[in-house]
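Report on one structure; see the data block that follows.
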Ligand SMILES: [Zn+2]
């Protein structure tokens, strides 16, 4: 079911989006307005006119669902061997940084379409989970 793009007090973001100028789009999958700059796509979290939040209920639910899945995964994965056996080969592996406590970084883009998952190996062998919304 498609949801309506959110509006704020002043309605400026929705107004630009609905003018079909192409300046602002609404991403149905991410439940956020987006703005393109070069090859990068940025989400618009707050209206630049009135400052009101543009997070929809659907977006907040999406964030909660992703957070729960990542939490469940982080309970199953305790070491690097678990990472490979549960998630398979990473899309990208970053080298360890000898100046920090962080070992290799495993990045997965394709587990969920909405997020990029970063798993960092700590010196003690445990795994640090972080993720970003795509
Ligand atoms: Zn506004």
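Computed from the coordinates by the stated procedures, all read-outs in this text should not be read as laboratory data. Values in this document were obtained by computation on a predicted structure and should not be read as measured data.
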Choose one answer from 55, 92, 106: the residue with the largest mean-square fluctuation in a GNM of the chain with alpha-carbon springs under 10 Å.
92
Going by a ≥ b ≥ c, the root eigenvalues of the Cα gyration tensor, does segment 36-92 fall in the rounded group (a/c under 1.5), the prolate group (a/b larger than b/c) or the oblate group?
oblate
If one compares the long axis through the Cα atoms of helix 57-76 with the longest principal axis of the Cα atoms of the chain, the angle in degrees, nearest 10, works out at 0 degrees
If I histogram all Cα-Cα distances within the chain using bins 10 Å wide from 0, what percent of pairs lands in each bin?
11, 34, 25, 20, 10, 0
